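Student: I have a structure I would like to understand better, so I am pasting it below and will then ask my questions one at a time.
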Number of protein chains: 2
Amino acid sequence: MAQGTIERWDIFELALKGPATGNPFRDVTFTATFTTLHRPIEVEGFYDGDGIYRVRLMPDEEGEWRYTTHSNVPALDNQTGSFLCTPPSEGNHGPVHIHNTYHFQYADGTPHFSFGTTCYAWNHQGDALEAQTLATLKDAPFNKLRMCTFPKHYTFNQNEPEHHAFETDEDGSFDFERFNPAFFQHLERCIGGLRNLNIEADLILFHPYDKWGYATMDAEVDDLYLHYIIARLAAYRNIWWSMANEFDLMKAKSMEDWDRFFKIVQTYDPYQHPRSNHNCRAFYDHGKPWVTHCSIQRSDVEHVDQWRNEYRKPVVVDECQYEGNIPNNWGNITPQEMTHRFWEGSVRGGYVGHGETYVHPDDILWWSKGGVLHGESPARIAFLREIMEAGPQIDPLSITWDLTQGGNQDYRLIYLGRHQPAYKTLRLPEDRTYTVEIIDTWEMTVTKLDGTYSGTCRVDLPGKEYVALRVRRVA
Amino acid sequence: MAQGTIERWDIFELALKGPATGNPFRDVTFTATFTTLHRPIEVEGFYDGDGIYRVRLMPDEEGEWRYTTHSNVPALDNQTGSFLCTPPSEGNHGPVHIHNTYHFQYADGTPHFSFGTTCYAWNHQGDALEAQTLATLKDAPFNKLRMCTFPKHYTFNQNEPEHHAFETDEDGSFDFERFNPAFFQHLERCIGGLRNLNIEADLILFHPYDKWGYATMDAEVDDLYLHYIIARLAAYRNIWWSMANEFDLMKAKSMEDWDRFFKIVQTYDPYQHPRSNHNCRAFYDHGKPWVTHCSIQRSDVEHVDQWRNEYRKPVVVDECQYEGNIPNNWGNITPQEMTHRFWEGSVRGGYVGHGETYVHPDDILWWSKGGVLHGESPARIAFLREIMEAGPQIDPLSITWDLTQGGNQDYRLIYLGRHQPAYKTLRLPEDRTYTVEIIDTWEMTVTKLDGTYSGTCRVDLPGKEYVALRVRRVA
């Protein structure tokens, strides 16, 4: 007797009425066991205000699921039921996981080529600007977005958020024992909005740009917050967990805190969404077992293949500086340079992230608040994404001081970067035949050269910067 | 009874007739002691063929000089004489030495801002092309040139030289015990031609691009060659000694060989012309006491200030790759990139060298054979040189991730490189007043901003790449 249907990798939610008195966030335990076939999944529920308790599941198998709830409150305990999980609708590829050591893939087997952007605080800007951000993303080339749970206080970010994550006392101070459901309901709408655009929400759980107290909560509150946000958000198929932005700038946290945060997320997220921790200076040790991929701030993307070798995990350079013209050097590279870094990192087998920081009269910079894009790199990133998605996921093939090649023996991408050779000598297998295309990464053109190529052969080139070659086997 | 006059830092030469039989290169010793005031200078002479023996001095003091020769051959022994050293003529600033730890200066106190170029084998190309090279250099912005004693066999360098350094047997093999005076007379004309243009000749004593045997001579021949070339060339005020190009590619030489070569040059060059050793991959240890300055091949000139700190010597990045379009990545950077590297290295307190490698139907590439310049960077290097020579020699003032500044509290150069800020905040002393000029390093314009600046102040900028600022104290 299924209580309804839900498509695979969508959110099943059970809502129950329970006590609204006392402190439901702290005092009430509420979990559920979901089962399909012989596999049980334990998930934590959460209090959503107004006496409503919810528990969510992202079903990852089609067919009938059953559940039983558990609680220290009779009204929430031992409730049972079932529902039917149906096939995913078009465009729902499920959550993203690590694939072939260095890459990503959706649960349905579709490769995920990560093309991220950054709008750290877009979800704290009010409905109008948030709607505009989503409208911009609809036509943008990005399938991942870095964003913070908590509001941001920083240069170009002086506005107060609409909501706060905790209930506020009359004197304006937070009651760190009581979450504000409206804050999290709003966050969910934002993440759902991204999901509807097939954009992964790379959610930054902690960050240092704070004046309200989020960066200096005590360990008990940190952990309560992690449990609460996992209970609310893990069922969103597009969630990724970023422990922090610039974790090393958060002086109130120790390395033990970061390790503990990872372990909590690893333990309580039933779906094992991607987990990482983003640096300012030195990296968090991405070799630790609970890290699924490297989340890196560095402008020298020519080290991507080296980081792959070091950590044996996917390398995502979330922040390689931003296209823009603000005074800070992390936010004033040219669109050519941003495009260049995307290509350089991609051909070396990594994934590069975008951000944009053009001076704006109302301080609406895409990098933090969203809005609209002003730059010239997104069109080039769209062009690159199209090329990448038409080929295999790229591993470094042969990277020397003279040639940067990714791919395999049947498909290679070569990126010439700032070099402007009039010709290059390629060393292809003698017994195979290839076509060669010249890609102008800035002008966004692909020009197929006449004939086919084999063995050691000369390829004439336009003698300008930012050229790539696509070499594909035809026989 | 002076036998003539010679201007300061020019070449006094005594030529004597001696034996032409036997092996004058090996069997005849010939030295002279020159004295002015109470200071003797011992120099080695050399055999120049046809029974002529010469000994040279670059007098570094005005007034009367006396000399006495010494030889194991009576005709060359105990010859005495004197000459008068007169003031230098206009444009003769004397030899270059290290100044203020990190810089260079001519002997007359004129600062030397090193702006080098590279024509490795220009002196092996025949009279017509060599004359053209000198004519090009006359109007080029370079005051140092890297060149090899020996001819070069390498990509784009397949032609035979006009002269060889040794006498050739009938079967074409070298007699390593007998130098070919015509070869060295020609080399001297080339170095003299550079001197007449006020260009330092950074002479590369050994190099690996060889098919004739110069790279694999035995130690005795190496040392004989060093004595011979020092005897011939040390008196040229514009000579610099580069032990090798890409010393680490010369498999026949050990580190002990390189150290010995340095010590021979250090011992027998009475004038202590600059000495260094140029790397391919790892640096020769520029910290060794006989190294006067760092001669570096690296494209990451943003490390110049770090190398200064490491070696506490002048940093000359002789090879930061070349403007051009050949397939090899060391020879196909854009003129923008070359100009960028010059500025980046200069503001960090170093000296960057130029080279040019555009494909040519007859393989006449400037980097090796000279000829004419085709590129767009020399005009920008001229512009930079003019700016540098109008100010003090530059030490790093404050280099952060956000701002690269060289100079001092009264004069600073700031280089923004590939960044395109719309404005920057400068932190100047509160009690001093400055003018600010915007330098477009590519367009070669200097635009003075209205008014004066003090303390923490905002400077509006054009929001494009390759901009520098010159900030000069006025009060």
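The values are calculated or read from the model by the stated rules, or taken from the named source; none is laboratory data. Just so it is clear, the structure is predicted and the values come from calculations on it, not from any experiment. Here the Cβ is made from the backbone with ideal geometry for all residues, glycine too, and neighbour counts use every protein chain on show. What goes into the accessible areas is simple: the full protein's heavy atoms, side chains included, and nothing from ligands, DNA or RNA. Shrake-Rupley method; radii C 1.70, N 1.55, O 1.52, S 1.80 Å.
Student: For segment B:66-98, name all the residues that are open to solvent by less than 50 Å² (accessible area, probe 1.4 Å) and either closer than 30 Å to B:Pro396 by Cβ or assigned to a strand (DSSP E or B) (or both).
Tutor: B:Tyr67, B:Thr68, B:Thr69, B:Ser71, B:Gly81, B:Ser82, B:Phe83, B:Cys85, B:Thr86, B:Gly94, B:Pro95, B:Val96 - these are the residues of segment B:66-98 that are open to solvent by less than 50 Å² (accessible area, probe 1.4 Å) and either closer than 30 Å to B:Pro396 by Cβ or assigned to a strand (DSSP E or B) (or both).
Student: Which residue pairs have Cβ atoms under 8 Å apart, sit 6 or more places apart or on different chains, and have a first residue in segment B:413-426 that is over 13 Å from B:His340 (Cα atoms) and facing chain A (nearest Cβ under 7 Å) and a second that is of a type in the set (Lys, Arg) and assigned to a loop (DSSP other than H, G, I, E, B)?
Tutor: Close Cβ pairs satisfying both conditions: B:Gln420/B:Lys464.
Student: I need a count of the residues in segment B:279-301 that are within 17 Å of the chain's Cα centre (by Cα) and outside any loop (DSSP other than H, G, I, E, B).
Tutor: Final tally of qualifying residues: 4.
Student: For segment A:170-208: of the residues being closer than 24 Å to A:Phe156 by Cα and among the aromatic types (Phe, Trp, Tyr), which is surrounded by the most Cβ atoms within 10 Å (Cβ to Cβ)?
Tutor: Looking at residues that are closer than 24 Å to A:Phe156 by Cα and among the aromatic types (Phe, Trp, Tyr), I get A:Phe206.
Student: So, one more: Of the residues that sit in segment B:427-446 and are part of a loop (DSSP other than H, G, I, E, B) and under 31 Å from the mean Cα position of the chain (by Cα), which one is farthest from the other protein chains (Cβ to nearest Cβ)?
Tutor: Initial filter on segment B:427-446 (part of a loop (DSSP other than H, G, I, E, B)): B:428-433, B:441-444.
Next, only the ones that are under 31 Å from the mean Cα position of the chain (by Cα) stay: B:441-444.
On the way: B:Thr441: 15, B:Trp442: 13, B:Glu443: 16, B:Met444: 20 Å.
Per the stated criteria, the residue is B:Met444.
Student: Please indicate, with yes or no, whether at least one residue in segment A:209-225 is β-branched (Val, Ile, Thr) and open to solvent by 10 Å² or more (accessible area, probe 1.4 Å). Before the answer, list the steps.
Tutor: If we filter segment A:209-225 for residues that are β-branched (Val, Ile, Thr), which is where we start, we get A:216, A:221.
If we keep only those that are open to solvent by 10 Å² or more (accessible area, probe 1.4 Å) too, we end up with A:216, A:221.
Yes, the conditions are met somewhere in segment A:209-225.
Student: While we're on this one: Looking at (1) open to solvent by 50 Å² or more (accessible area, probe 1.4 Å); (2) assigned by TED's automatic domain parsing to the domain that holds A:Leu226; (3) of a type outside the set (D, E, K, R), which is the one condition that is false for A:Phe104?
Tutor: Going through (1) open to solvent by 50 Å² or more (accessible area, probe 1.4 Å); (2) assigned by TED's automatic domain parsing to the domain that holds A:Leu226; (3) of a type outside the set (D, E, K, R) one by one, A:Phe104 breaks only (1).
Student: Something else about it: Looking only at segment B:453-461, decide whether some residue is open to solvent by 20 Å² or more (accessible area, probe 1.4 Å) and either of a type in the set (A, V, I, L, M) or in a helix (DSSP H, G or I) (or both).
Tutor: yes
Student: Only one of (1) touching a residue at least 40 places away in the same chain (Cβ under 8 Å); (2) assigned to a loop (DSSP other than H, G, I, E, B) fails for B:Ala252. Which number is that?
Tutor: Looking at each condition in turn, B:Ala252 falls short on (1).
Student: Can you confirm whether segment B:322-334 contains a residue that is of a type in the set (D, E, K, R), open to solvent by less than 30 Å² (accessible area, probe 1.4 Å) and away from every other protein chain (no Cβ under 13 Å)? Before the answer, list the steps.
Tutor: Residues of segment B:322-334 of a type in the set (D, E, K, R): B:323.
Next cut, open to solvent by less than 30 Å² (accessible area, probe 1.4 Å) only: B:323.
Now drop any that are not away from every other protein chain (no Cβ under 13 Å), which leaves none.
Among the residues of segment B:322-334, not one is of a type in the set (D, E, K, R), open to solvent by less than 30 Å² (accessible area, probe 1.4 Å) and away from every other protein chain (no Cβ under 13 Å), which makes the answer no.
Student: Being assigned to a loop (DSSP other than H, G, I, E, B) and among the small types (Gly, Ala, Ser) is the filter; apply it to segment A:335-366 and report the residue that is surrounded by the fewest Cβ atoms within 10 Å (Cβ to Cβ). Show your work before the answer.
Tutor: Residues of segment A:335-366 assigned to a loop (DSSP other than H, G, I, E, B): A:348-350, A:354-355, A:358-365.
Subsequent filtering for residues that are among the small types (Gly, Ala, Ser) retains A:349-350, A:355.
Values: A:Gly349: 23, A:Gly350: 27, A:Gly355: 27.
Of everything passing the filter in segment A:335-366, A:Gly349 is surrounded by the fewest Cβ atoms within 10 Å (Cβ to Cβ).
Student: Another one. Restricting attention to segment B:33-65, and to residues there that are more than 21 Å from B:Arg237 (Cβ to Cβ) and not aromatic (Phe, Trp, Tyr), which single residue is most open to solvent (accessible area, probe 1.4 Å)? Working first, answer last.
Tutor: Start the filter on segment B:33-65 by keeping residues that are more than 21 Å from B:Arg237 (Cβ to Cβ), which leaves B:38, B:47, B:49-53.
With not aromatic (Phe, Trp, Tyr) added as a condition, the list becomes B:38, B:49-52.
Working: B:His38: 181, B:Gly49: 11, B:Asp50: 131, B:Gly51: 2, B:Ile52: 41 Å².
Filtering first and then ranking leaves B:His38.
Student: While we're on this one: Looking at (1) within 21 Å of B:Thr216 (Cβ to Cβ); (2) more than 14 Å from every other protein chain (Cβ to nearest Cβ), which one does B:Thr292 not meet, given that it meets all the others?
Tutor: The failed condition is (1).
Student: Could you tell me how many of the residues in segment B:376-410 are more than 14 Å from every other protein chain (Cβ to nearest Cβ), open to solvent by less than 30 Å² (accessible area, probe 1.4 Å) and outside any loop (DSSP other than H, G, I, E, B)? Write out each step before concluding.
Tutor: We begin by selecting, within segment B:376-410, every residue more than 14 Å from every other protein chain (Cβ to nearest Cβ); these are B:378-397, B:406-410.
Right, trim to open to solvent by less than 30 Å² (accessible area, probe 1.4 Å) and you get B:378, B:381, B:383-384, B:387-388, B:391, B:394, B:406-407.
Filter once more, keeping what is outside any loop (DSSP other than H, G, I, E, B): B:378, B:381, B:383-384, B:387-388, B:406-407.
Of the residues in that region, 8 qualify.
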